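What follows draws every value from the coordinates through simple rules; no lab data is involved. Owing to the predicted nature of the structure, the values given are computational and were not obtained by experimental measurement. No Cβ is skipped: glycine too gets one built from the backbone with ideal geometry, and neighbour counts run over all protein chains shown.
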């Protein structure tokens, strides 16, 4: 929590709430409703050349899936742009960086933070689940990141990847 008003009011708001008010908090994501068993959904984040980005990753799926994050990814085609929305709808600030889905990856890069597991169920008994990597990652400037969810359910699954981010120097 941060005290945004001087004494005697002593009103506090949490830091994410403050970032929203400042127009520096963003989110975006991608959903694919027909991911074959063994197939993956990929998000490519090309970070800003001017600043690091504080980012949280979450994913959900209708069947068992594994969740990966890679740093230093290389690609031959970036894929389709994803809108990354500013949570302060009166702010003119825009996300500094690019997020795309369905990139053509030539090298994954270095895997970060192990493998996450989305316990969504198998084949026709999938009930759905979600996973997040806990607190935020501070993504390096001028670095490519790959966020991947791979369907391991034994059947077709619905998959969603979502990011939340704020940038300190917009």
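Quick rundown of the values:
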| quantity | calculated |
| --- | --- |
| Any hit, region 97-120, residues being surrounded by 15 or more Cβ atoms within 10 Å (Cβ to Cβ) and out of contact with any strand residue (DSSP E or B) (no Cβ under 8 Å at 6 or more places or on another chain) | no |
| Residue 146 part of a loop (DSSP other than H, G, I, E, B) and buried (at least 18 other Cβ atoms within 10 Å of the Cβ) | no |
| For residue 114: the one exception among (1) part of a strand (DSSP E or B); (2) at negative phi | (2) |
| Scan of region 34-81 for residues that are touching a strand residue (DSSP E or B) at 6+ places or on another chain (Cβ under 6 Å), assigned to a loop (DSSP other than H, G, I, E, B) and buried (at least 18 other Cβ atoms within 10 Å of the Cβ), ordered by number | 48, 62, 63, 73, 79 |
| Selected residue (criterion: farthest from the chain's Cα centre (by Cα)) from residues of region 24-33 that are under 18 Å from residue 163 (Cβ atoms) and assigned to a strand (DSSP E or B) | 32 |
| Qualifying residue in region 80-89 (condition: free of Cβ contacts under 8 Å to residues at least 24 places away in the same chain and either under 15 Å from the mean Cα position of the chain (by Cα) or under 23 Å from residue 158 (Cβ atoms) (or both)) | yes |
